[in-house]
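> Got a structure for you, questions after.
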Amino acid sequence: MEMTEDLIRNVIQQVLSQMGTGGSATNGSSARPSGKDGVYPTADAAVLAAEAAFKHYRKRPLACRRKAVECIRSICVEQAEELGRMELDETKIGRLDHKIAKLRDAIPLVPGVEYLRTDNWSGDDGITLTDYSPFGVIGAITPVTHSLPTLAGNAINMLAAGNTVVVNAHPSGARVAAEGVRRFNRAIRQAIGIDDLITIIETPTLESAAALFDHRGVKLLVVTGGPAVARAALASKRRAVVAGPGNPPVVVDPTADIENAARSIIAGAAFDNNLLCIGEKQVFAVSDIFDKLMEAVGRLGGFRLSASQIDALTKKAFVQGDDKQYHVNKDLVGNDAAVLARHAGSEAPKGTEIVFGETGADHLFVEHEQMMPFIPFVRVPDVDRAIDLAYSSEHGYGHTAILHSRDTSVMSRMGKRMDCTVFVINGPSTAGLGLGGEGVLSFSIAGPTGEGVTTPLTFCRQRRTAVVGSMRFV
Ligand code: NAD
């Protein structure tokens, strides 16, 4: 039998665990802070463990990175049902079928080591190579809307790039996040003999997030969440990749394929009960086709609410804060369409994917990122007015916009005006992340800091090596 480095490491690991040390063959020094399978009580302990792991990981070949990534991918796919159910049971928002799909179908689209293609210039003066090197320990803040999928997607990108990662999950999705970290770490230890490539703070709080923001061991922050945490990350002294909120508008013009527009709006807005940051949140449709679109949405899975029913739902869906401003009622976020219909005083038929109805452009459901499957449709006189209103409703986040049109000049006008990280034309929003469209997927879309749909390259330092006067072979 060939005694590979990995095999030797695995044997030592087994001996150590039989001796009851529970330590790792590579980073199991007695100074290691106490944690189990990557789960640590404090930010400091989690960072120290990830730092120790990085020291070993950085010496390993790319083949080890591939194996680590494969461990995460295969656990997500093979255990999607169990983990998806766990996430729904804990967070109580969204839909089981889509929680499972996010792990089983979306995670395999997250790119790994294969994405790190080097660049070079070869010429009379030699060769210059641009290569991609890890930062070290990355601190990741993840949202409740996709707790484990964001963690898994971030970890694949970051480990592929050679980093290790410390996660501060949302408190309402922390148990499933920690369970994922345990499973990933056990599998990675088995595969390559290193512990703690991913660590997590067991009971995350705003204080533990702040401790991660300020920790000297953290070289880069990656923050995925709403306005408050995005602002905090942008104000941090540490370099941060910020994947902030959106409020994606849809424009439908008279040239659109109305059946496709209706089907796409329903598919995107219904996905996980509209928890996706890229999910369709409000529609501006030109009056010529407005009624036809409403009829199609009603026929293809939408349940239409009357004006008084929308009023009743709005009173439940928004609460006035001490600041006198209206805020989304968290109790309704991610609820099923049938539950929203009941709040509206109605009963939706079985199989309803979204509830919807006509509102004005200044309605609370248009203004706010509601993250629930009620979609307001606004009737507008022409497409330019639709684009203007779409622009205002997006609040300058520059996150995602969707257009249904066959007119290429409208495509250009709206693309330029919205200036969004993701612009989807003639499909559901999810196509912008490679689900039914082309391209790779990430659960962290970094608009404010400009990295876009994050990939392993987002988590690399570019390094250049110039060999002067040789290494040109032609
Ligand atoms: P959230 O902002 O409530 O929480 C996100 C994370 O930030 C959590 O881990 C939370 O504990 C932490 N947090 C919140 N305030 C903080 C502060 N002041 N300091 C430090 N940490 C803080 O968001 P959520 O409800 O979990 O997720 C939904 C939001 O995230 C939506 O606005 C959605 O658009 C956005 N989101 C964006 C992307 C993207 O790729 N751009 C992806 C998913 C979700």
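> Within 10 Å, count the other beta carbons around each residue, average over each peptide in 255-267, 175-187, 206-218, and list them highest first. Before the final figure, lay out the partial values.
On the way: 255-267: 20.8, 175-187: 22.5, 206-218: 17.8.
In descending order of packing, they fall as 175-187, 255-267, 206-218.
> What does the extension gain come out to for D89 and T130, with contour length at 0.36 nm per residue minus their alpha carbon separation? Display every interim value, and only then the final one.
On the way: separation 41, 0.36 × 41 = 14.76 nm, distance 4.59 nm.
Additional length available on full extension: 10.2 nm.
> Please work out the ratio of the alpha-carbon Rg of region 217-275 to 2.2 N^0.38 Å and round it to two decimals.
Against the compact-globule rule of thumb, the ratio is 1.69.
> Also, I was wondering about something else. Of all DSSP beta bridges located in region 119-190, what percent are antiparallel, nearest 5?
That works out to approximately 50 percent antiparallel.
> Mind checking the dipole of region 261-382: about its Cα centre, +1 per Lys or Arg Cβ, -1 per Asp or Glu Cβ, Debye to the nearest 20?
In debye, rounded to 20, region 261-382 gives about 320.
> Through the Karplus equation 6.51 cos²θ - 1.76 cosθ + 1.60, θ set to phi - 60°, convert the phi angles of region 210-222 into ³J(HN,Hα) values in whole Hz; use x for Gly and Pro.
Ordered by residue, 3J(HN,Hα) equals 5, 5, 5, 3, 9, 5, 5, x, 8, 8, 8, 10, 10 Hz.
> Just add up the charged neighbours of T359: K/R +1, D/E -1, any other residue whose Cβ is under 11 Å from the Cβ of T359.
-3
> Quick check of the Kirkwood formula: for region 342-410, what is the inverse mean of 1/r over all pairs of different Cα atoms, in Å?
This gives a value of 14.1 Å.
> Find which of I72, L293, F473 sits farthest along the positive direction of the dipole of the chain, computed with +1 on the beta-carbon of Lys and Arg, -1 on that of Asp and Glu, about the Cα centre.
With unit charges placed on the Cβ atoms, the residue in question is F473.
> Ranked highest first by average number of other Cβ atoms within 10 Å, how do 275-287, 301-313, 118-130, 442-454 line up?
Ranking the peptides 275-287, 301-313, 118-130, 442-454 by packing returns 275-287, 442-454, 301-313, 118-130.
> Let me ask another. Would you kindly derive the ³J(HN,Hα) couplings of region 55-65 from the backbone phi angles with the Karplus curve 6.51 cos²θ - 1.76 cosθ + 1.60 (θ = phi - 60°), listing them in order in whole Hz, with x for Gly and Pro?
Those phi angles translate into 4, 7, 4, 5, 8, 7, x, 4, 4, 5, 4 Hz.
> Could you give me the percent of Cα pairs per 5 Å distance bin for region 345-474, shortest bin first, beginning at zero and ending with the bin that holds the maximum distance?
2, 8, 13, 17, 17, 13, 9, 6, 4, 3, 2, 2, 2, 1, 0, 0
> Sticking with this one: Note the angle between two axes, namely the Cα long axis of helix 307-317 and the longest principal axis of the Cα atoms of the chain, as a number of degrees from 0 to 90, rounded to the nearest 10.
Tilt of helix 307-317: around 30 degrees.
> Additional query: When the Cα centres of region 173-245 and region 67-83 are compared, how far apart do they sit, in Å?
That distance is 19 Å.
> Further question on the same structure: May I ask you to order 357-365, 399-407 by the average number of other C-beta atoms within 10 Å around their residues, highest value first?
399-407, 357-365
> Quick one: compute a quarter of the convex hull surface over the Cα atoms of region 36-79 and quote it in nm².
Mean orientational projected area (region 36-79, Cα hull): 3.8 nm².
> Then there's this: Hey, with R₀ at 45 Å, roughly what FRET efficiency would Q325 and L96 work out to, going by the Cβ-Cβ distance, to 0.05?
Calculated value: 0.85.
> Let me ask something else about it. Give me the one-decimal nm value for the distance between modelled label points at R464 and R413, 7 Å along each residue's Cα-to-Cβ direction.
With each label placed 7 Å out from Cα toward Cβ, I get 4.3 nm.
> Taking the DSSP beta bridges in region 44-203 as the whole, what percent of them are antiparallel, to the nearest 5? If you can, show how the numbers build up before the last one.
Working: 5 of 13 bridges.
Percent antiparallel among DSSP bridges in region 44-203 is about 40.
> Sticking with this structure for a sec: Would you tally the net charge around R104, using a Cβ to Cβ cut-off of less than 12 Å, leaving R104 out, and scoring K and R as +1, D and E as -1?
Local charge sum for R104: -2.
> At a temperature of 25 °C and a viscosity of 0.890 mPa s, determine how fast region 94-152 diffuses translationally according to Stokes-Einstein, using the Kirkwood radius over alpha-carbon pairs as Rh; express D in µm²/s, rounded to the nearest whole number.
Details: Rh = 15.1 Å.
Rounded to a whole number, D works out at 163 µm²/s.
> To one decimal place, what Kirkwood hydrodynamic radius in Å is obtained for the chain from all pairs of distinct Cα atoms? Before the final figure, lay out each step's value.
Working: mean 1/r = 0.0425 Å⁻¹.
By the Kirkwood definition, the hydrodynamic radius is 23.5 Å.
> Let me ask something else. Taking only DSSP H segments of four or more residues, each worth -39500 (n - 2.57), what value at 222 nm results for the chain once the sum is divided by all its residues, to the nearest 500 deg cm²/dmol?
-12000 deg cm²/dmol
> Whole-Hz ³J(HN,Hα) for each residue in region 363-371, computed from phi via Karplus 6.51 cos²θ - 1.76 cosθ + 1.60 with θ = phi - 60°, x for glycine and proline: what do you get?
Running phi through 6.51 cos²θ - 1.76 cosθ + 1.60 with θ = phi - 60° gives 6, 4, 5, 7, 5, 9, 7, 6, 6 Hz.
> Please give me the summed charge of the neighbours of G123: other residues whose Cβ is under 15 Å from its Cβ, Lys and Arg +1, Asp and Glu -1.
Overall, the nearby charge balance is -1.
> Can you give the FRET efficiency to the nearest 0.05 for D311 and E207, using r as the Cβ-Cβ distance and R₀ = 30 Å?
0.15
> Would you mind working out the accessible area per residue for region 215-308, using a 1.4 Å probe, and quoting it in Å²?
Accessible surface, normalised per residue, equals 33 Å².
> Still on this structure, please answer the following. Past 28 Å, Cα to Cα: identify those pairs from K219/K324; K99/K292; K281/K315; K292/K350; K102/K330; K237/K330, in the order given.
Over 28 Å apart, Cα to Cα: K219/K324; K99/K292; K237/K330.
> Could you name the aspartates and glutamates in cross-link range of K55, using Cα to Cα under 14 Å and dropping any fewer than eight places away on the same chain?
Answer for K55, where 14 Å is the Cα cut-off: D195, D196, listed by chain and number.
> When N is the residue count of region 236-345, what does its C-alpha Rg come to as a fraction of 2.2 N^0.38 Å?
On the way: Rg = 16.4 Å, N = 110, 2.2 N^0.38 = 13.1 Å.
Against the compact-globule rule of thumb, the ratio is 1.25.
> Let me ask something additional. If you count the DSSP beta bridges with both ends in the chain, what percent of them are antiparallel, to the nearest 5?
Values: 20 of 61 bridges.
Expressed as a percentage, antiparallel bridges in the chain total about 35.
> Using the basic label-point model (7 angstrom from Cα toward the beta carbon), what is the V77 to E438 distance in nanometres?
Simple spin-label model gives 2.3 nm for this pair.
> Keeping the other protein chains in place, figure out the carbon and sulfur percent of the accessible area of region 58-137, with a 1.4 Å probe.
Numbers: 1900 of 4010 Å².
C and S atoms contribute 47 percent here.
The values are calculated or read from the model by the stated rules, or taken from the named source; none is laboratory data. From a predicted model like this one, the values you see are computed outputs, not experimental measurements. Cβ sites come from the backbone with ideal geometry, for glycine too, and all protein chains shown count toward neighbours. Ligands, DNA and RNA are excluded from the accessible area calculation, which covers all protein heavy atoms including side chains. Shrake-Rupley method; radii C 1.70, N 1.55, O 1.52, S 1.80 Å.
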